[in-house]
Amino acid sequence: MVIGAGAIGASAAFHLARRGARVMVVEKEREPAQHQSGRNSGVIHAGYNLKPGSLKARYCVEGSRQLRAYCRDYGIAIHEGGILIVARTDAERVTLTELHRRAQGNGVQARLVSEDEIRGIEPHARGIAGLHAPEGASFDPTAYVRSLLAEAAKNGAEIRYATAVRQVREGVAVQVETSAGTLSTGVVLNCAGLYADRIAGPVARDLCIIPFRGYYAELRPERRALVRSHVYGSPDLTFPFLGVHVSRRVDGRVFVGPGAMLAFGREAYRFAQVNVRDLASTLVWPGFYRLLHGSQFRSLIVREVQKSLSLSALSREAQLLIPELRPSDLVPSVAGNRAQVVSRDGHLVDDIVVRETPATVHVLNAVSPGLTCSLPFGQYLADLCQSRLSSSNVPLRREETEVNRG
Ligand SMILES: Cc1cc2nc3c(=O)[nH]c(=O)nc-3n(C[C@H](O)[C@H](O)[C@H](O)COP(=O)(O)OP(=O)(O)OC[C@H]3O[C@@H](n4cnc5c(N)ncnc54)[C@H](O)[C@@H]3O)c2cc1C
């Protein structure tokens, strides 16, 4: 059983069903991709910014190529225009050199470009230096998740919507308590995104998911020509967030954002929205206070509160990339919350975490660029599930079930 119909759960189900395994996907919403996988920048990242050797780097580089091929093969909208990262200060120029080093370490195409070359790539962007990653692209993530699930269903997977998992109990078989009754299964793959730590229970006691809201504005239609593809600022490598960028989506809209504001509920997408249980779990988490101790984190929060309260704070940041952009060019747009794992000792965990027991696999911290990573990462998760299924008495393949019934 796969819990969660986001990109990670859908990809694992796609791979398992193609191999002939019996798969049921259980999703609490009425449709797929209602949370992180449908509320994001929609960027296929090239992998220039990730630490070589990390799981994210491995899956992102491979995932970017697989995802672009998947979009072409299955008719998912894609715009392959590349990503330009600009430096505005000497310190940011040093960061670009580090990004270039990471790109080379990861085998990603990326070229350092001069001030003049920036104008050739993005005529309205400005910077003292840039890094161009031509493999960056935009795609339609919701259509992608739907397509993975449709393919899984074609191969026999059952998708149950409006079914929330409450608890997973491991015994001879695994008992999964849901809003629609108790289900019995051989192996559970927990891809519940923002709620994955709660479902994981004891194996994730040292971790807590703290939601960080990424809110976007978008350019008015008449100002969309300010960007051809994607313009990013040079990131602050202290935090696992890429910072504000100006991004053209496949439908032609241009998003500006996202911010990285602490959210008061895991699925709370507006500033004043509060989920008491979620907020309490953040506030009682010792790692949260250790995180707050850091002056860099406190100043991030102050900046983010300002940005989430006024479009002009967001536009000031975007103006550093595209000086012609004015506050009046922006209108508020969507928001999406990151399922960011914070460790007990107060670190924002910067890589994917997978925890396992004999009959369960839990995916924690599948943060950005999780969409880009999803195809090879889902394949890896399918391998983990299959090895558990083959060592249990659960029928692995659909044909075997038929034979057993006969
Ligand atoms: C603002 C933002 C921008 C991003 N931009 C990019 C980007 O440009 N490129 C990129 O590659 N990545 C990006 N990401 C990261 C990417 O969106 C995530 O890594 C990816 O979507 C994670 O997928 P998931 O399946 O793990 O989680 P989700 O998509 O959150 O899916 C989890 C699913 O589990 C379900 N669920 C939760 N609890 C239960 C329960 N108890 N019972 C049943 N179902 C349950 C949820 O309803 C949900 O459908 C971004 C993320 C954010 C938030």
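When the charge dipole of the chain is built from unit charges on Cβ atoms (+1 for Lys and Arg, -1 for Asp and Glu) and taken about the Cα centre, the candidate among Gly257, Ile118, His79 whose Cα reaches farthest toward its positive end is Gly257. The charge dipole of segment 198-331, taken about its Cα centre with unit charges on the Cβ of Lys, Arg, Asp and Glu (plus for the first two, minus for the last two), comes to roughly 120 debye. Distance between the modelled labels on Asp351 and Thr89, one decimal in nanometres: 3.0 nm (7 Å Cα→Cβ projection). Kirkwood radius for segment 229-352, taken over all pairs of different Cα atoms as the inverse mean of 1/r, rounds to 15.8 Å. Using only the alpha-carbon atoms, how far is helix 7-18 inclined from the longest principal axis of the chain? Give it as 0 to 90 degrees, nearest 10. With both axes taken from Cα atoms, the answer is about 40 degrees.
If a spin label sat at a point 7 angstrom from the Cα of Val284 along the line to its beta carbon, the backbone N atoms of segment 165-209 nearer than 17 Å would be those of 197-209. Between Val276 and Arg298, what is the FRET efficiency for a Förster distance of 25 Å, r being their Cβ-Cβ separation, to the nearest 0.05? For Val276 and Arg298, the calculated efficiency is 0.55.
Can you compute the charge dipole magnitude of segment 19-141 about its Cα centre, using +1 on each Lys and Arg Cβ and -1 on each Asp and Glu Cβ, nothing else charged? Give it in debye, rounded to the nearest 20. About 500 debye.
In the chain, the longest principal axis of the Cα atoms and the axis of helix 141-154 are about 20 degrees apart. Pairwise Cα distances in segment 132-231 exceed 18 Å in 69 percent of cases. Within straight-line reach of Lys56, meaning a Cα separation under 16 Å, sit the following aspartates and glutamates at least 8 residues removed in sequence or on another chain: Asp350, Asp351. For the peptides 153-159, 130-136, 114-120, the ranking by mean Cβ contacts within 10 Å, running from highest to lowest, is 130-136, 153-159, 114-120. Here the label points at Tyr161 and Arg205, each 7 Å from Cα along the C-beta direction, are separated by 3.8 nm in the simple model.
Quick one: Cα convex hull volume of segment 112-169, Å³ per residue? So the per-residue hull volume is 219 Å³. The H on the amide N of Thr178, modeled in the peptide plane, is under 5 Å from the matching H of Arg166, Leu183, each at least 5 residues off or on a different chain.
List the equivalent ellipsoid semi-axes of segment 195-296 in whole Å, largest first, each obtained as the square root of 5λ for an eigenvalue λ of the Cα gyration tensor.
Over the Cα atoms of segment 195-296, the ellipsoid semi-axes are 32, 16, 13 Å.
Mean sequence separation of contacting Cα pairs (under 8 Å, at least six apart), scaled by the length of segment 105-196, corresponds to a relative contact order of 14 percent.
Which lysines have a Cα less than 25 Å from the Cα of Lys154, not counting those fewer than 8 places away in the same chain? The qualifying lysines are Lys28. Counting only Cβ charges, +1 for Lys and Arg and -1 for Asp and Glu, the dipole size of the chain around its Cα centre is about 380 debye.
Across all directions, the average flat footprint of the convex hull enclosing the Cα atoms of segment 19-124 is 10.1 nm².
Could you list log10 I(q)/I(0) for segment 279-377 at q = 0.20, 0.25 Å⁻¹, which the Debye formula gives when each Cα is one point scatterer? After summing over all Cα pairs, the log10 values are -1.15, -1.26.
Over all orientations, segment 189-243 has a Cα convex hull whose mean projected area works out to 6.5 square nanometres.
Accessible surface area normalised per residue over the chain is 41 Å², counting heavy atoms of protein chains with a 1.4 Å rolling probe. Relative contact order for the chain: 24 percent, from Cα pairs under 8 Å spaced at least 6 residues apart, divided by residue count. When all alpha-carbon pairs of the chain are counted, what percent fall beyond 38 Å? So the pairs more than 38 Å apart make up 19 percent of the total in the chain. For the peptides 352-359, 38-45, 63-70, residues were scored by their other Cβ atoms within 10 Å and the scores averaged per peptide; the highest-first order is 38-45, 63-70, 352-359. Against the chain, whose longest principal axis comes from its Cα atoms, helix 90-106 is set at around 40 degrees.
For segment 187-255, the set of trypsin sites (Lys or Arg not before Pro) satisfying both a DSSP loop assignment and a count of at most 14 other C-beta atoms within 10 Å is given as Arg205.
The values are calculated or read from the model by the stated rules, or taken from the named source; none is laboratory data. Worth saying up front: this structure is predicted, and the values here are computed from it rather than measured. Here Cβ is always computed from backbone atoms with ideal geometry, including for glycine, and neighbour counts include all displayed protein chains. These area figures cover heavy atoms from the full protein model, side chains too; ligands, DNA and RNA do not enter into them. Shrake-Rupley method; radii C 1.70, N 1.55, O 1.52, S 1.80 Å.
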